[in-house]
Amino acid sequence: WAGSGTEKTLVLVKPDAVQRRLVGTVIQRFERRGFKLVAMKLLQADRGLLDKHYQELLQKPFYPSLLAYMTSGPVVAMVWEGYNVVRSTRAMVGDTDSAVAAAGTIRGDLSMHISRNVVHASDSVETAQREISFWFQRDELVAWESGDRDYTYGP
Ligand code: UDP
């Protein structure tokens, strides 16, 4: 598993969650699962960054309101690393529409509406690589060995 244990994904704690003081709660869910935090920062995103991040959604009718929401306050951007982290993280985040997101998922537990759905997580390994490059410089990612590795993954 050694190689796939370095898979990375981008997670954003969106402005609603920062305002609602949910940053620590979101971080704790990924830490408890066993994933490794390799980059993190609080920032005010601007339109240029979000147009790149949401390039597939630029023509959608909801894009102007999504942009207003995502620029309404700071976000916390994070890179998490671990085995199957992209798929696992999407499962932990839950359905895009918080109204139908399963209980036990981050959106299902912490939010009610699609337009204020607390977090973003990359939807594929390729998307994750691209998104990480939009939000972080290469030297902002920290390579480190976690002491509990054998206990998290087995020998
Ligand atoms: N969104 C929205 N209305 C919609 C669809 C999406 O406000 O009808 C927002 C919502 O914040 C969502 C984001 O646009 O998280 C990106 O949409 P996507 O389909 O990529 O969902 P995600 O990957 O975030 O689950």
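The values are calculated or read from the model by the stated rules, or taken from the named source; none is laboratory data. Values in this document were obtained by computation on a predicted structure and should not be read as measured data. Glycine also receives a Cβ, built like all others from the backbone with ideal geometry; neighbour counts cover every protein chain displayed. We work out accessible area using only protein heavy atoms, side chains counted, and drop any ligands, DNA or RNA first. Shrake-Rupley method; radii C 1.70, N 1.55, O 1.52, S 1.80 Å.
Observations on the model:
- Whichever residue in the range 51-72 is closer than 14 Å to H120 by Cβ and of a type in the set (D, E, K, R) and, among such residues, is nearest to the ligand (Cβ to nearest atom): E56
- The residues of the range 111-129 that are touching a helix residue (DSSP H, G or I) at 6+ places or on another chain (Cβ under 7 Å) and open to solvent by less than 20 Å² (accessible area, probe 1.4 Å), listed by number, are N117, V118, V119, A121, S122, A128.
- Selection status of R32, basic (K, R) and either away from the ligand (no atom under 16 Å from the Cβ) or free of Cβ contacts under 8 Å to residues at least 12 places away in the same chain (or both): yes
- Unique match (being over 18 Å from G147 (Cβ atoms) and either free of Cβ contacts under 8 Å to residues at least 40 places away in the same chain or open to solvent by 10 Å² or more (accessible area, probe 1.4 Å) (or both)) among L10, L37, L43: L43
- Checking K60, K52 one by one, the residue that is in contact (Cβ under 8 Å) with a residue 12 or more places away in the chain, among the basic types (K, R) and either open to solvent by 20 Å² or more (accessible area, probe 1.4 Å) or out of contact with any Gly (no Cβ under 8 Å at 6 or more places or on another chain) (or both) is K52 and no other.
- Scan of the range 93-109 for residues that are among the β-branched types (V, I, T) and within 21 Å of L66 (Cα to Cα), ordered by number: V93, T96, V100, I106
- Every residue from the range 92-105 that is near the ligand (Cβ under 8 Å from one of its atoms) and either more than 12 Å from the chain's Cα centre (by Cα) or open to solvent by 60 Å² or more (accessible area, probe 1.4 Å) (or both): D95, T96, D97
- When the range 106-124 is limited to residues that are farther than 17 Å from V75 by Cα and within 13 Å of the chain's Cα centre (by Cα), the one that is nearest to the ligand (Cβ to nearest atom) turns out to be D123.
- If you go through the range 70-91 and pick out every residue that is under 19 Å from R21 (Cα atoms) and crowded, with 20+ Cβ neighbours inside 10 Å, you end up with 5.
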